[in-house]
Amino acid sequence: MNDPVAAQLGADQAFELGHRAELARDRGEAIRLYELAADAGSAPAARRRGLIALQRSFSETWRLRADAIEALRAEAERWLRRAVALGREDAWEDVAFAIRCRASATPEDMIESESARALAARAPLSDRVARLLSDLGDSDTPSPAPHELPTLLPWLGSADERGDTWATWLLGRLVDTGDAPGGRALALSHWQRGAERGDARCAFELGLRIEKKSKKEATALYERSAAGGFGLAALRLGHLAKTWKDAERWYLRAIELGRTDAWIDIARHLSSGAKGAPVDLARAARGWELAAEGGSPGAVAVAAEMFDEGELAGHPIGRDPVKARRFAEQGMDLGSGGGVPRCQFVMAKQLAIGEGGPVDREGAALWSRVAARRSDAVSERARVLHEEIWGGLDEASRRRVLERDRELHPGLDVGESG
């Protein structure tokens, strides 16, 4: 860490900048700043650094071998233990999870994990609550684990009484999902109270629940929410708009407020001409690309295919194998969702001929094989590609492909041949 500017940052400032970088999906910068903050004594930074390593060990299993995954999980455990050493006893909960993630975890490991959880339970209440709030704070759909609710709910109730509208919003969410007692009427009363206090999230939740009964009243709540900076409300207003002019205005506002997935809606309107939008496939293609760059799961597969094939809905946009591979990798990092097999197929094609990166015939055989397991149009094309590649592999290469397939899909009968 020889950056003279970074060296002048205090622990808290470095942590905050690291958190912003993480939210912006700049993982390298987030890691650098978290490590700087941890070196300056920040326990939250050490914890986030460990959690990034742990998340990578799950999201990147498709590209990492077993030894690399185990190394990442060991790295995660070291950082999480460092957070404990820096004074955050609640991080024992994260250490416990990291222990359970060890390869071939033994009964002794499970005992060690339970001991770590017991230590976490003895941490100061303020630290345990701070940990939970840190994990929940950036999510529109928070979902705390059941064993965390006895710690969280009393704090939320007290915070709500003190006028903390974020706590009011979250209480409503937990009641609405059944994680806390009370039923729908209580959830609505929480959000009504929060909306009256000026909370944008509460206004949105309330609007969403009354929209079928009174679209006019819901729209007014969405407008208040969007004015308060809640991007999901602006996105909803775009959906409800009757004209393209109004829809586009709200979608662009949602993007300004951080909802880059609104580019998907813009792209779809510009492709179909819905609500009187001008059909503009060049701009629609750019919308899909921007949504994918923003990390929208619904856009990455479209962007990967679009740049691989060089067209969108028959409109030529120019092939870009480098972008195609980048978006295919991004989609595969997501690890789930309907778009993943499409990204796997794009990756297989790229690896087969060395576009966007080096040739890897074994990798092409693997990912065309995996993509072919579904029953859709992509799987049929993947099956044809796999048969073509498989026929050109020697026996040693075929064995390696099968071994990697079994490693990635434990418990699945992957067969013994192409």
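Where the centre of each part is set by its Cα atoms, how far does the stretch 343-360 sit from the stretch 149-172, in angstrom?
50 Å
Distance from the Cα centre of the stretch 77-129 to that of the stretch 180-226, in angstrom?
A separation of 38 Å, based on Cα centres.
Show the residues, 5+ positions off or on another chain, whose built amide H is closer than 5 Å to the amide H of GLU311.
Here ILE317 satisfy the definition.
Using a 10 Å cut-off around each Cβ, can you sort ILE31, ILE111 from fewest to most neighbouring Cβ atoms? Intermediate values should be presented prior to the final figure.
Values: ILE31 18, ILE111 11.
With the sparsest Cβ surroundings first, the list reads ILE111, ILE31.
Which links in LYS212/LYS245; LYS242/LYS323; LYS212/LYS275 stretch past 31 Å when you go from one Cα to the other?
Working: LYS212/LYS245 24 Å; LYS242/LYS323 35 Å; LYS212/LYS275 21 Å.
Where the Cα-Cα span goes over 31 Å, the pairs concerned are LYS242/LYS323.
Diagonalise the Cα gyration tensor of the stretch 1-128 and give the resulting equivalent ellipsoid semi-axes, square root of 5 times each eigenvalue, largest first, whole Å.
25, 20, 10
Where Rh denotes the Kirkwood radius from the mean inverse Cα pair distance, what is Rg over Rh for the chain?
On the way: Rg = 24.3 Å, Rh = 24.3 Å.
Taking Rg over the Kirkwood Rh, I get 1.00.
Suppose the chain between ALA130 and GLU380 were pulled fully straight at 0.36 nm per residue; how much longer would it get relative to their current alpha carbon spacing?
Numbers: separation 250, 0.36 × 250 = 90.00 nm, distance 4.96 nm.
Full extension from ALA130 to GLU380 adds 85.0 nm.
Bear in mind that the values in this text are calculations on the coordinates, not laboratory data. Everything numeric in this text was worked out from a predicted model, so none of it was measured. We place every Cβ from the backbone using ideal geometry, glycine too, and count neighbours over all the protein chains shown.
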